[in-house]
Amino acid sequence: MATAYDIAIKQEQSEKDGIAPVIAVENLRKTFGSHMVLNGISLSVNRGETLAVLGRSGTGKSVLLRIIIGLETPDSGSVCIHGQNIVGLAIDRMGEIRKKMGFLFQHAALYDSLTVAENVAFPLVHHRKEMSRSERGERVNQLLAEVGMKGDFGKMPSDISGGMQKRVGLARALALEPEILLLDEPTAGLDPISSGEIDDLILKLQRERKMASVVVTHDLHSAKTIANRLALLDQGNVVIEGTFEDLQQSNIGFVEDFLKLS
Ligand SMILES: Nc1ncnc2c1ncn2[C@@H]1O[C@H](COP(=O)(O)OP(=O)(O)OP(=O)(O)O)[C@@H](O)[C@H]1O
Ligand SMILES: [Mg+2]
């Protein structure tokens, strides 16, 4: 019989070979009171891959992301990160796993009372306590340069545009060099030019860092640009999962309507 050690070694090897998914969600169910939100969702994301999660408002996209981050507990099902099920994991162990994840929330992307630089420094202050002040300052500068915001480090979030706030949110999400990037509506509320710039930035980061990413979006154009695969949710289920071409070729009525209306 294989020991836990054998299994761990095998897992590590298959990850190196690029076989095991970084994120594997199996049969996830979630209800709030009598309201069923997720009804058996299964999805997986490999290293270097971006999965776009699409669906109408209220279909549970943000809930799904919050479950993957461990901020919400599913009623049943599993969320495996590098093969480890995080559902019901002790807080300290979850904290360790969460350090591998960078996330950008749908709302309130930044702390209003902190400057741009302080926002980006926040995860470093809390999780890289060994870093000196000057090392941290240098790292923040690098991160801000990476998202094209180097000159704005001293500004307050209220003094920069929505697109710039998303950029800073992205820089903060990248601060701990995550293997997993989870973005909830990174282009929502932005004009098409700013949206395009954020999409380009996400693509660039993906190419450079080869993270496993999940991007929740309403924006089909953006999903098509940044994602390798798309999953369309409706009424708690994945209606279809595949490439943009797979969606285009689908004759499922809901998929056809979604593409027509998007
Ligand atoms: N903590 C909660 N308590 C009760 N209901 C909740 C909670 N969180 C989410 N819901 C409900 O779950 C459903 C899905 O919410 P969710 O925010 O995931 O939708 P969404 O697909 O992200 O929508 P949008 O596109 O508008 O962001 C909604 O009906 C919402 O009201
Ligand atoms: Mg949402």
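Rule-based calculations on the coordinates, nothing more; no lab input. Since we're looking at a predicted model, the values are computed, not measured. Every residue, glycine as well, gets a Cβ built from its backbone with ideal geometry; the counts of neighbours run over all protein chains shown.
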- So, with +1 on the Cβ of K and R and -1 on the Cβ of D and E, and no other charges, what is the size of the charge dipole of segment 109-177 about its Cα centre, to the nearest 20 debye? 40 debye
- Message: Pairwise over distinct Cα atoms, reciprocal of the mean inverse distance: report the Kirkwood radius of segment 183-257 in Å, one decimal place.
- Response: 13.3 Å
- Starting from the Cα of His35, step 7 Å toward the Cβ, then list every residue of segment 186-224 with an amide N under 13 Å from that point. none
- Message: Under a crude label model (7 Å from the Cα following the beta-carbon direction), how far is Ser262 from Gln235 in nanometres?
- Response: 1.9 nm
- In terms of the charge dipole of the chain, which places +1 on Lys and Arg and -1 on Asp and Glu at the beta carbon, the residue among Leu201, Asn27, Gly70 farthest towards the positive end is Gly70
- Can you list the residues, at least 5 places off or on another chain, whose amide H is less than 5 Å from the amide H of Val239, using H built in the peptide plane? Leu232, Leu233, Asp234
- Query: Semi-axes, largest first, in whole Å: what does sqrt of 5 times each Cα gyration tensor eigenvalue give for segment 160-208?
  - Reply: 18, 12, 9
- Message: I need two numbers for segment 123-164: Rg to one decimal and Dmax as a whole number, Cα atoms only, in Å.
- Response: 11.7, 33
- Potential lengthening between Arg207 and Asn251 on full extension [0.36 nm per residue; Cα-Cα distance subtracted]: 12.6 nm
- From the cross-link list Lys30/Lys224; Lys30/Lys166; Lys99/Lys210, which pairs have alpha carbons spaced over 21 Å apart? Lys30/Lys224; Lys30/Lys166
- Message: If I histogram all Cα-Cα distances within the chain using bins 10 Å wide from 0, what percent of pairs lands in each bin?
- Response: 7, 29, 35, 23, 7, 1, 0
- Message: Principal axis extents for segment 52-120, Cα atoms only, whole Å, descending order, please.
- Response: 39, 34, 19
- How much mean residue ellipticity at 222 nm does the chain get from its helices, if each DSSP H run of length 4 or more adds -39500 (n - 2.57) and you divide by all residues, to the nearest 500 deg cm²/dmol? -12500 deg cm²/dmol
- Message: Take Tyr111 and Ala188, extend 7 Å from each Cα along the Cα→Cβ direction, and tell me the distance between the two endpoints in nm.
- Response: 2.3 nm
